[in-house]
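**Q** Dumping the structure here so I can ask a few things about it.
The values are calculated or read from the model by the stated rules, or taken from the named source; none is laboratory data. Just so it is clear, the structure is predicted and the values come from calculations on it, not from any experiment. Cβ sites come from the backbone with ideal geometry, for glycine too, and all protein chains shown count toward neighbours.
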Amino acid sequence: MKILKNKEKSAPFNLSKEIKLLPGYIILILWVAFTAVLLGWVVAASLSTTADIFSGDILGFKTGLHFENYVKSMGIIKCFRVFL
């Protein structure tokens with residue numbers, strides 16, 4: 001059995017090629033940051049009370065974290081029984 005000794009070597013770092021890709025990297029980083037902020041906002045809203053949400057103080061958590069919101073939703077929507 002003959003082993004191939006010609007392995008492809010990785011190309012050296014090429015700054016001009018990477019600069020051409022920079023707009024794509026910036027768009028990707030902005031998209032990831034936007035998605036992370038939206039997911040954080042949804043989680044914060046789900047742990048807040050309705051009064052906190054309508055007063056615009058979602059991230060304040062003045063009344064604490066309300067995990068009972070999830071318990072109430074599991075009682076209302078019967079499809080959560082599958083996960084229990």
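**Q** Any chance you could count how many residues in region 58-78 are surrounded by fewer than 12 Cβ atoms within 10 Å (Cβ to Cβ), of a type in the set (S, T, N, Q) and within 23 Å of the chain's Cα centre (by Cα)?
**A** Summing the residues that are surrounded by fewer than 12 Cβ atoms within 10 Å (Cβ to Cβ), of a type in the set (S, T, N, Q) and within 23 Å of the chain's Cα centre (by Cα) in region 58-78 gives 1.
**Q** Being at pLDDT 85 or above and outside any helix (DSSP H, G or I) is true for just one of SER16, SER48. Which residue is that?
**A** SER48 is the lone residue from the list that is at pLDDT 85 or above and outside any helix (DSSP H, G or I).
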